[in-house]
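Derivation of every value follows stated rules applied to the coordinates shown; laboratory data play no part. What you are looking at is a predicted structure, and each value in this text was computed from that prediction instead of being measured. Virtual Cβ from ideal backbone geometry, glycine too; neighbours counted across all protein chains shown.
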Amino acid sequence: MKCSLFTAVFLVACPVGAQDTFTANWESLDKRPTPQWWRDAKFGIMIHWGVYAVPAYAPTDMESVYAKYSEWYDQRLRKNDVNFTNFHARIYGDRVSYADFAAQFRAEHFDPGQWADLFQKAGARYVVLTSKHHDGFALFPSACSPRWNAQVLGAHRDLAGDLAGAVRRRGLSMGFYYSLLEWNNPLYSKETIGRWAEEMNHPQLKELVARYRPDILSSDGDWDFSSAEFRSVDFLAWLFNESPVRETVAVNDRWGKETRGKHGGFYSIEYGLGHGKQTGDAPEHAWEESRGIGGSFGYNRFEEVRHYLTSAQCVELLVSTVSRGGNLKLNIGPRADGLIPVIMQERLLDMGKWLEVNGEAIYATTAWRHRPANMRENKVYFTKKPDVLYAICTRWPQESLVVDHIAKADGVTLLGSPLPVAFSCADGRLTIQPPVVSPDNMPCDHAWVFKVSHPRDHM
């Protein structure tokens, strides 16, 4: 039976305003630019949270990135992955199914205001919650999955709505991840994929849009079926032409197994996988790196400190990504009880402290056209604004910092510091002499930013 809640909800949505009209084909849809607000935001938080947080298990030292994802627990059991089946048999026995975990996903300590405060202090500009992962469990009351959602099982609340409200009250943008696939649904098959799109995917996506008006809609559907089988272009044409978020929503590129890095909105990368050419060679196209602080998106209680990025590594990941024209969406995996692990909180707060001093070198910047190819090796990254160039050093320079392609500059300062910075220009090069600093007058930890005012390119 076709899901029908959307019809009742969407009738009260805002009317369509004056705008470009997009037709249901990729040639037309690809002409819609990713909204400028998203391009300027640069840093967001992703949250993988669901039934998989109850077992909270995946191997930690596997070579494959995907093998370390705890959110794939159900699928690994179905595929008889020996790591997962042995763990499940030892801890839960053969009488406990994955579905039984839903009652234990109680979120009893979930405080959306506390979460939102943390994200704000981290310096994030947007938040993306997994509204539904591949197991089909929805974090919102859905007429399309009326017996498999957080309103009727476990938490008995609208987790998505509660978080969205808290995030927006703090001035941050709110978005949702949504999986186009479902491992357990009988309609998700080659024979019935058309019904799957018509009776489940599209109505449920429209539920999300109508109920929460997301600023970001991040699809995950590049595994099994094409965008034609998912009828993705039909949904996106509706989203861009008729929906209440038609003028503001940002979308990604994972709308079918052939679309990633080719069609949709911003190109998406996870753990550095997928589209190497988009991460440096084509910064003019919006793109986003997404990864966890540890090796898993969902909470994995077996990860140790060594599996997590340090605060310095988190800052460098942000700097490296933005310097190449991308956004960073750093993922956290809360526990089933709704608490965010302390190590994740610490990393986010440390990033926020760094951004308090150096945020102007990150937000609303672009990649510098003369950025050197060896930025990572040299630990010096560059971002650009009109009339300003930022040189971001993730290792304090022990000698003069030489920047090619700069013929003149009006001044150089060290962000967060009153110390004067000596510089000179000659032969198309800018030479910066770092000031003498001590632990007492360092402006921040992890990375240091030299701001070059009114740089003129060497012709």
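Note on the stretch 368-457: Cα convex hull, mean projected area over all directions, 5.6 nm².
The order of PHE423, PHE137, going from fewest to most other C-beta atoms within 10 Å of their C-beta, is PHE423, PHE137.
Straightening the chain between ARG376 and ASP445 buys 23.0 nm, computed as 0.36 nm per residue apart minus the Cα-Cα spacing. Taken along its principal axes, the alpha carbon cloud of the stretch 69-197 reaches lengths of 44, 39, 26 Å, longest axis first. Other residues whose C-beta falls under 11 angstrom from the C-beta of ARG32 contribute a net charge of -1, scoring Lys and Arg +1 and Asp and Glu -1.
Dividing the helix sum by the residues of the chain, where each DSSP H run of 4 or more adds -39500 (n - 2.57), gives a mean residue ellipticity at 222 nm of -7000 deg cm²/dmol.
If you fit an axis through the alpha-carbon atoms of helix 159-169 and take the longest principal axis of the Cα set of the chain, what angle between them do you get, 0 to 90°, nearest 10? The angle comes out at about 30 degrees.
Efficiency by 1/(1 + (r/R0)^6): what FRET value for VAL436 and VAL402, r their Cβ-Cβ distance, R0 = 30 Å, to the nearest 0.05? The value I calculate is 0.95.
So, by mean Cβ neighbours within 10 angstrom, what's the order for 225-235, 211-221 with the highest one leading?
Ranked from most to least packed, the peptides come out as 211-221, 225-235.
Below 14 angstrom from the Cβ of HIS405, what's the summed charge of the other residues (Lys, Arg +1; Asp, Glu -1)? That works out to +3. Our coupling estimate for the stretch 400-416, obtained by passing each phi through the Karplus curve with A = 6.51, B = -1.76, C = 1.60 and θ = phi - 60°, is 4, 9, 9, 10, 6, 6, 10, 8, 8, 7, 8, x, 9, 10, 9, 4, x Hz, Gly and Pro reported as x. Residue-wise HN-Hα couplings along the stretch 423-438, as the Karplus relation 6.51 cos²θ - 1.76 cosθ + 1.60 with θ = phi - 60° gives them from phi, are 8, 8, 10, 7, 6, x, 10, 9, 10, 10, 9, x, x, 7, 10, 9 Hz; Gly and Pro carry x. Amide H contacts for ASN327 (H built 1.01 Å from N in the peptide plane; partners 5 or more residues away or on another chain; cut-off under 5 Å): TRP287, GLU288, GLU289. Amide H contacts for ILE332 (H built 1.01 Å from N in the peptide plane; partners 5 or more residues away or on another chain; cut-off under 5 Å): MET46, ILE47, HIS48.
Ordering LYS31, LYS121, LYS329, LYS385 from the fewest to the most neighbouring beta carbons within 10 Å gives LYS31, LYS385, LYS121, LYS329.
For the chain, the Kirkwood estimate of hydrodynamic radius, built from reciprocal distances between every pair of different alpha carbons, is 23.3 Å. Listed by Cβ neighbour count within 10 Å, with the fewest neighbours leading, PHE87, PHE43 appear as PHE87, PHE43. If R0 is taken as 35 Å, the Cβ-Cβ distance between GLN114 and ARG147 corresponds to a FRET efficiency of 0.70. Kindly provide the GluC sites (Glu not before Pro) of the stretch 144-215 that DSSP labels as loop, not H, G, I, E or B, and whose Cβ sees at most 13 other Cβ atoms within 10 Å. The qualifying sites are GLU191. Against the main long axis of the alpha-carbon atoms of the chain, helix 82-91 sits at an angle near 70°.
Out of all DSSP beta bridges with both ends in the chain, state the antiparallel percent to the nearest 5. Around 50 percent antiparallel, to the nearest 5. For the pair GLU356 and TYR271, label points projected 7 Å from Cα toward Cβ lie 3.4 nm apart.
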